[in-house]
Amino acid sequence: MEKHIIFGIHLTDRFTNALKMQEIFTEFGCNIKTRLGIHEVTKDACATNGIVLLEMCGDEAKIAEAEARFLAVSGVELQKMVFTH
């Protein structure tokens with residue numbers, strides 16, 4: 001049975017943690033099928049918090065490892081959705 005695993009990551013301090021997050025994105029790049037980043041931007045300001053949606057794929061142990069690495073970053077909240085069919 002194929003699973004679709006989606007991570008919703010809320011990052012509360014993008015400027016401090018962007019490098020750490022990018023390192024994790026790169027390390028688990030072969031397990032990230034889709035990545036979408038959302039944050040508030042106007043001509044005068046750029047929000048310090050944001051949301052990243054990830055569609056994960058591959059070995060579930062590696063996906064669990066990625067989840068743990070994201071959660072270890074200060075200011076990160078992660079919610080996971082798993083769809084089976």
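The values are calculated or read from the model by the stated rules, or taken from the named source; none is laboratory data. Just so we're clear, the structure is a prediction, and the values are computed from it rather than from any experiment. We place every Cβ from the backbone using ideal geometry, glycine too, and count neighbours over all the protein chains shown.
In the set (1) on the phi < 0 side of the Ramachandran plot; (2) in a loop (DSSP other than H, G, I, E, B); (3) of a type outside the set (D, E, K, R), Met81 fails one condition alone, (2). On the given criteria, is Ala18 in contact with a helix residue (DSSP H, G or I) (Cβ under 8 Å, 6 or more places away or on another chain), small (Gly, Ala, Ser), surrounded by 12 or more Cβ atoms within 10 Å (Cβ to Cβ) and not in a strand (DSSP E or B)? Spelling it out, it is not the case that Ala18 is in contact with a helix residue (DSSP H, G or I) (Cβ under 8 Å, 6 or more places away or on another chain), small (Gly, Ala, Ser), surrounded by 12 or more Cβ atoms within 10 Å (Cβ to Cβ) and not in a strand (DSSP E or B).
Please verify whether segment 44-60 includes one or more residues that are surrounded by 11 or more Cβ atoms within 10 Å (Cβ to Cβ), in contact (Cβ under 8 Å) with a residue 40 or more places away in the chain and in contact with an Asp or Glu (Cβ under 7 Å, 6 or more places away or on another chain). No, because not a single residue in segment 44-60 is surrounded by 11 or more Cβ atoms within 10 Å (Cβ to Cβ), in contact (Cβ under 8 Å) with a residue 40 or more places away in the chain and in contact with an Asp or Glu (Cβ under 7 Å, 6 or more places away or on another chain).
Are any residues in segment 14-72 among the β-branched types (Val, Ile, Thr) and either touching a His at 6+ places or on another chain (Cβ under 9 Å) or more than 23 Å from Thr84 (Cβ to Cβ) (or both), and if so, which ones? Selection gives Thr16, Ile24, Thr26, Ile38, Val41, Thr42, Thr48, Ile51, Val52. Pairs linking a residue in segment 63-85 that is within 16 Å of Phe25 (Cα to Cα) and surrounded by 13 or more Cβ atoms within 10 Å (Cβ to Cβ) to a residue that is among the polar types (S, T, N, Q) and modelled with pLDDT under 95, with Cβ atoms under 7 Å and 6 or more positions apart or on different chains, are Val73/Asn17.
The residues in segment 1-41 that are under 10 Å from the mean Cα position of the chain (by Cα), among the basic types (Lys, Arg) and over 12 Å from Ile51 (Cβ atoms) can be counted, and the count is 0.
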